[in-house]
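Readers should treat all values here as calculations from the given coordinates under stated rules, not as data from a laboratory. Treat the numbers as computed from the prediction; the structure is a model and nothing was measured. Cβ placement follows ideal geometry from the backbone for every residue including glycine, while neighbour counts extend to all protein chains displayed.
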Amino acid sequence: MKSQPIISSDEYWNYALNVYGFGQIQALCLTLQDEHRCNVNVLLFCCYLDALKIALKHTAFETLNIALQPSELELHQHRILRRNAKQGPTDTYESLKQDELTLERKQQKIITETMQSFIAIDAEKNNNFASLQSNLLVYASVQASADSVVTAKLNRLILDLKNQHQSFIQTENDAK
């Protein structure tokens, strides 16, 4: 019998939709994607894990980057098509936008499936989340090592995203 997943791709999808539309999160994610090759879905997943108080280690994100290579290539090619279609008929552009959301959701499922075992292992070890580094910062360091250098701009953008996410969590808590 298959064990119950620790996190649900549907819950993550809904969380990502909500957090992406908050404050400057969308703009920060897109800047990190375009200027630092960060994956928006992974950034949002880091936020989701931080909200759940689950911290992962570098190896989890290194493994995830490898697992996402095929879907990231597919999404990158699709984004180029969509951006080029922006000047064409609106219905073509909107159709490509919907197709891209489907690809994004597929990628989020790959993320949750790939990370389940890391979450199970690391969550048991991480009883004191407050003393651990944010998943956003761990992911940024993995991305920076792929770029050879941790740039000041990458760090600033990640910290801005982390602060925006903390504001989102506070707003959500205040609404309860």
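Phi-derived couplings, Karplus 6.51 cos²θ - 1.76 cosθ + 1.60 at θ = phi - 60°, listed residue by residue for segment 104-118: 4, 5, 4, 5, 5, 5, 4, 4, 5, 5, 5, 8, 3, 5, 5 Hz, with x used for Gly and Pro.
Residues in segment 153-169 carry Karplus couplings, in order, of 5, 4, 4, 4, 5, 5, 5, 4, 5, 4, 5, 4, 5, 4, 5, 4, 4 Hz; the curve used is 6.51 cos²θ - 1.76 cosθ + 1.60 with θ = phi - 60°, and Gly or Pro positions show x. A simple charge model with +1 on the Cβ of Lys and Arg, -1 on the Cβ of Asp and Glu and nothing else charged puts the dipole of the chain at about 160 debye relative to its Cα centre. In order along segment 66-76, the phi-based Karplus estimate (6.51 cos²θ - 1.76 cosθ + 1.60, θ = phi - 60°) of 3J(HN,Hα) comes to 5, 4, 8, 3, x, 6, 5, 5, 4, 5, 4 Hz; Gly and Pro are listed as x.
Divide the volume of the convex hull around the Cα atoms of the chain by the residue count and you get 145 Å³ per residue. In the chain, the DSSP-assigned H stretches of four residues or longer account for a calculated mean residue ellipticity at 222 nm of -26500 deg cm²/dmol, using -39500 (n - 2.57) per stretch and the full residue count as denominator. Each of Q164, S71, N14 was placed along the dipole of the chain (beta-carbon charges, centred on the mean Cα), and the one lying farthest toward the positive end is Q164.
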